[in-house]
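Enquirer: Provided herewith is a single structure, encoded as structure tokens, for subsequent inquiry.
The values are calculated or read from the model by the stated rules, or taken from the named source; none is laboratory data. Only a predicted model underlies this, so the values are computations on that prediction, with no experimental measurement involved. Every residue, glycine as well, gets a Cβ built from its backbone with ideal geometry; the counts of neighbours run over all protein chains shown. Areas reflect the complete protein model, heavy atoms only, side chains present, ligands, DNA and RNA absent. Shrake-Rupley method; radii C 1.70, N 1.55, O 1.52, S 1.80 Å.
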Amino acid sequence: MPDPLGDFSFTWPLYAAFLAAYLLGSIPFGVLLTRLAGAGDLRQVGSGNIGATNVLRTGRKGLAALTLLLDAGKGAAAVAVADHWFGPSMAVFAALGVVVGHIAPVWLRFRGGRGVATAFGVLFVFAWPVGVAAAAVWIGTAALFRYSSLAAILAIGSSPAWAWALVGVAEAEVTGLIAIAVIARHAGNIRRLLKGEESRIKLG
């Protein structure tokens with residue numbers, strides 16, 4: 001069966017971009033930071049997730065903020081480097097690769113985070129108007145309903161529509177794939193939301 005992207009001798013850089021971004025995305029900053037800080041194995045805390053929200057459950061606000069920054073930063077860096085040095089086609093594969101890397105890191109037996117921060121990092125570089133719109137949706141939903149997971153689902157889930165309206169069809173397709181991956185990782189949260197068992201954001 002022929003490669004839909006064309007002959008491999010011409011398309012291998014795209015796959016290389018995906019792999020490089022995947023490896024960057026697979027760095028589990030939350031796990032590394034909490035371990036270095038003596039907070040134990042993050043996967044044994046709270047939800048077991050490797051993201052900033054679960055780091056916050058260790059009581060280390062500074063570590064949680066740094067995890068959020070690094071997880072978003074790796075998404076932004078992957079796309080920025082690929083686009084600057086190799087062009088928009090590379091940026092597309094890097095965008096997908098870095099999110100998949102965070103969600104399914106090989107080092108953690110493919111059990112990673114939910115990819116929200118990394119996806120936001122991607123959006124702000126790949127199509128910044130979409131990132132701004134998605135962030136507004138997150139803030140509005142979180143303020144109104146106080147569910148972080150619901151805010152993430154609606155923010156990332158709405159990003160393809162924002163991309164189609166504000167940027168273009170190609171960007172909508174890429175953000176759509178990212179949205180599917182992120183929402184799929186929220187399956188447990190969706191079940192708890194439907195049952196009214198999801199934890200709310202605690203103010204103060």
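Enquirer: Starting from 0.36 nm per residue, how many nanometres of slack lie between ARG57 and ILE201 once their C-alpha separation is accounted for?
Expert: Taking 0.36 nm per residue and subtracting the Cα distance, the gain is 50.7 nm.
Enquirer: To continue, here is another question. Gap in Å between the Cα centre of region 153-193 and the Cα centre of region 104-138?
Expert: 10 Å
Enquirer: Tell me the per residue accessible area of the chain using a 1.4 Å probe; a whole number in Å² is fine. Kindly include the intermediate steps, with their values, before the conclusion.
Expert: On the way: 10950 Å² over 204 residues.
The answer is 54 Å² per residue.
Enquirer: A follow-up question, please. Taking 25 Å as R0, compute the FRET efficiency from the Cβ-Cβ separation of ALA39 and ARG111 and round it to 0.05.
Expert: Step by step, r from the Cβ atoms, then E = 0.85.
Enquirer: Of the options ALA39, TRP164, LEU96, report the single residue whose Cα projects farthest towards the positive end of the charge dipole of the chain (beta-carbon charges: Lys, Arg +1; Asp, Glu -1).
Expert: Value: ALA39.
Enquirer: Is there a quick way to get the dipole size of region 43-112? I mean about its Cα centre, with the Cβ of Lys and Arg at +1 and of Asp and Glu at -1; what is the value in debye to the nearest 20?
Expert: 420 debye
Enquirer: Under 18 Å from a label point 7 Å along Cα→Cβ of LEU177: give me every residue in region 57-79 with its amide N that close.
Expert: So the set is 75-79.
Enquirer: Here's something else I'd like to know. Would you work out the charge dipole size for the chain about its Cα centre, treating the Cβ of every Lys and Arg as +1 and the Cβ of every Asp and Glu as -1, and quote it to the nearest 20 debye? Intermediate values should be presented prior to the final figure.
Expert: Working: 16 positive and 9 negative charges, 243 e Å.
The dipole magnitude comes to about 1160 debye.
Enquirer: Another question, then. Determine the sum of side-chain charges near ASN54: Lys and Arg each +1, Asp and Glu each -1, restricted to other residues whose C-beta is under 12 angstrom from that of ASN54.
Expert: Result for the neighbourhood of ASN54: +2.
Enquirer: Right, next: What lysines does LYS61 reach when the alpha-carbon gap must be under 28 Å and sequence neighbours fewer than 8 apart in one chain are set aside?
Expert: LYS74, LYS202
Enquirer: Report the percentage of all Cα-Cα pairs in region 114-184 whose separation exceeds 18 Å, rounded to a whole percent.
Expert: Values: 645 of 2485 pairs.
Above the 18 Å cut-off, region 114-184 has 26 percent of its Cα pairs.
Enquirer: Answer with a single label: of (i) 9, 40, 40, 11, 0; (ii) 9, 36, 39, 16, 0; (iii) 9, 35, 36, 16, 4, 0, which was calculated as P(r) over Cα pairs in 10 Å bins from 0, in percent from the structure in view?
Expert: (iii)
Enquirer: Round to a whole number: what % of the accessible area of the chain belongs to carbon and sulfur, probe 1.4 Å?
Expert: Within the chain, the accessible surface is 68 percent carbon and sulfur.
Enquirer: Mean Kyte-Doolittle of at least 0.5 and a Cα length of 24 Å or more along the axis: which whole DSSP H helices of the chain meet both?
Expert: Flagged H segments are 8-25, 61-86, 128-145, 148-166.
Enquirer: A further question follows. Can you tell me the Rg and the Dmax, both Å, for the Cα atoms in region 87-136?
Expert: 11.8, 35
Enquirer: Right, next: Over all distinct Cα pairs, what is the inverse of the mean 1/r for region 55-166, reported as the Kirkwood hydrodynamic radius in Å?
Expert: Hydrodynamic radius (Kirkwood, Cα pairs) of region 55-166 is 14.5 Å.
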